[in-house]
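Everything on this sheet refers to the single structure shown next.
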Amino acid sequence: MLFSIILESYSALLSSLTICYIIYRLNTDLKKVPLINYVFSSLSIASIVALINVTMPDSIMGIKIIGYILATVFIIMIFCKHNMYYTSVSALFGLLTLGFGELLVTLVYIYPLKLDKSEFRSSFIHVTVGDLLIFLFSYLILKFISDDFMKARKRIYKNNKRFMVLLFGNLITVFVILIFLFSLFDYTTEFQNNITQSGRVYMNVIIIVAVLIASIGGTIYLINYFLLNRIKYDRLKMNNLKDVMTGTLNRGSGLKFIEEQLELCKEQRRNLTVCYIDVNDLKVINDMLGHREGDFLIKTVICTIKNNIRETDVISRLGGDEFVIVFPGCTMEYSEKVMGRISGELKQLKPFSNKDYTISISYGFSQYDGEADITVEGLLDMADRQMYRNKRAIKAMV
């Protein structure tokens, strides 16, 4: 008995180390978590998994898996401070990777050696080799897909936060239902003789499953109904916050965003840089070549800017040909390099019409370090003055 408990704890520890490694690799783009937190996470998950396996050896496997998932999610949230979305995605990905890893172990190790499951689970050597193969499999998977996975997850969460919460909640529910049904199938198969001898027991099982599915299905419907309506409302609200032509924030929402960033800078004592932009010669192009060409010019400038800034940087249209870019957590030196690159790319672009002109912008910066008090208007005014000085310098050169 003691040997089986020790072996079960050892196997659970190896599996939890692999899961925590997967979660670590999938969240390197978030706030850095001390290594000791992952150590405590691994020990905690291993303890709970071992406890479940030792105290409930004959329980339905689906119930165990649900317990593993819940334990992993809550422990990672406690020790690593990630939100529910990032933690759940990472935990489910980790458990799926472990599942495929165990399948690989069965194909390349257990089956060729003609071992049964009890023999494999009762040997320290077999358990160690199996978990090492699973870790190697996880390492190779993450080596090739972790960066793309993090970028896609972050982009989807940023642009469709509520929809992803809705979709993810549904996927978890479906996953739980499937686990329960497969486990129930195994349970009924194991006790098939007893069930077939009693039609009443068989009917009771059918009624319980039907009630369970109906209850969960009704709950999912209600959740989807309310959340989808909320998503539609938020999209309508967001359309009122953005400039229709460029897709950037409009003046009101842009100024509010800057105000929020100023408050964050004061609290966290971090840098904030804004860049005030004016599209050169837009009025002349509108008068000579038409507003269609002018609209193309504005869209081209904004598209080029979007392709060169970070996902956390925000563009707002203040009016006409004037825009502002907000660089949270950045110094003026960094922002100048970014705008220099953008300005160089714009000069290489061709106009929409056959007329020959150079696409260019004038811009100026102002930086806030979170120390002194400043208003949104004061911050923009400093950048605006520098922008007009640069604009006059460009015209003097021409």
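The values are calculated or read from the model by the stated rules, or taken from the named source; none is laboratory data. For clarity, every value in this text was computed on a predicted model and none was experimentally measured. Heads up, the Cβs are rebuilt from the backbone with ideal geometry, glycines too, and the neighbour counts pull from every protein chain shown. Quick note on the areas: whole protein, heavy atoms, side chains included, nothing else; ligands and nucleic acids left out. Shrake-Rupley method; radii C 1.70, N 1.55, O 1.52, S 1.80 Å.
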* Asked: Which one of Gly320, Gly294, Gly340 is surrounded by 20 or more Cβ atoms within 10 Å (Cβ to Cβ), free of Cβ contacts under 8 Å to residues at least 60 places away in the same chain and out of contact with any Ser or Thr (no Cβ under 9 Å at 6 or more places or on another chain)?
  -> Gly294
* Structure fact -> Given the conditions (1) out of contact with any Cys (no Cβ under 9 Å at 6 or more places or on another chain); (2) buried (at least 19 other Cβ atoms within 10 Å of the Cβ); (3) among the β-branched types (Val, Ile, Thr), every one holds for Thr273 apart from (1)
* Which listed residue is assigned to a helix (DSSP H, G or I), at pLDDT 75 or above and loosely packed, with under 14 Cβ neighbours inside 10 Å, from Ile36, Ile23 -> Ile36
* **Scan of region 311-327 for residues that are out of contact with any Pro (no Cβ under 9 Å at 6 or more places or on another chain) and on the phi < 0 side of the Ramachandran plot, ordered by number** => Glu311, Ile315, Ser316, Arg317, Leu318, Asp321, Glu322, Phe323, Val324, Ile325, Val326, Phe327
* Could you please let me know if Gly344 is more than 30 Å from Glu267 (Cβ to Cβ) and either at pLDDT 85 or above or charged (D, E, K, R) (or both)? => yes
* To do: Please enumerate the residues belonging to region 69-84 that are in contact with a Ser or Thr (Cβ under 9 Å, 6 or more places away or on another chain) and open to solvent by less than 80 Å² (accessible area, probe 1.4 Å).
  => Ile69, Ala71, Thr72, Val73, Ile75, Ile76, Met77, Phe79, Cys80, His82
* **Hey, Tyr357 among the aromatic types (Phe, Trp, Tyr) and either exposed (fewer than 11 other Cβ atoms within 10 Å of the Cβ) or closer than 21 Å to Phe257 by Cβ (or both) or not** => no
* Residue list for region 85-117, restricted to those being within 21 Å of Val49 (Cα to Cα) and open to solvent by 90 Å² or more (accessible area, probe 1.4 Å) -> Leu96, Phe100, Glu102, Leu103, Lys117
* Taking Phe74 as the residue in question, decide whether it is in contact (Cβ under 8 Å) with a residue 40 or more places away in the chain and part of a helix (DSSP H, G or I). => no
* Name the residues in region 84-129 that are touching a residue at least 40 places away in the same chain (Cβ under 8 Å) and of a type in the set (A, V, I, L, M), would you? -> Val89, Ala91, Leu92, Leu95, Leu98, Val127
* Structure fact -> Matching residues in region 297-317 (open to solvent by 60 Å² or more (accessible area, probe 1.4 Å) and β-branched (Val, Ile, Thr)) number 1
* Asked: Consider Leu282 against the criteria (1) modelled with pLDDT under 90; (2) open to solvent by 10 Å² or more (accessible area, probe 1.4 Å); (3) in contact with a strand residue (DSSP E or B) (Cβ under 9 Å, 6 or more places away or on another chain): it satisfies all of them except one. Which criterion is unmet?
  -> (3)
* **Residue ID - nearest to Ile298 (Cα to Cα), chosen from residues in region 234-266 that are modelled with pLDDT of 80 or more and of a type in the set (Asp, Glu)** => Asp243
* Asked: When you go through Leu70, Leu107, Leu103, Leu113 one by one, which is the residue that is aliphatic (A, V, I, L, M) and at pLDDT below 75?
  -> Leu70
* To do: Select from region 362-380 the residues that are in contact (Cβ under 8 Å) with a residue 60 or more places away in the chain and among the hydrophobic types (A, V, I, L, M, F, W, C) and list them in ascending order.
  => Phe365, Ile374, Val376, Leu379, Leu380
* Does Thr246 satisfy being within 25 Å of Tyr357 (Cα to Cα), crowded, with 20+ Cβ neighbours inside 10 Å and among the polar types (S, T, N, Q)? -> yes
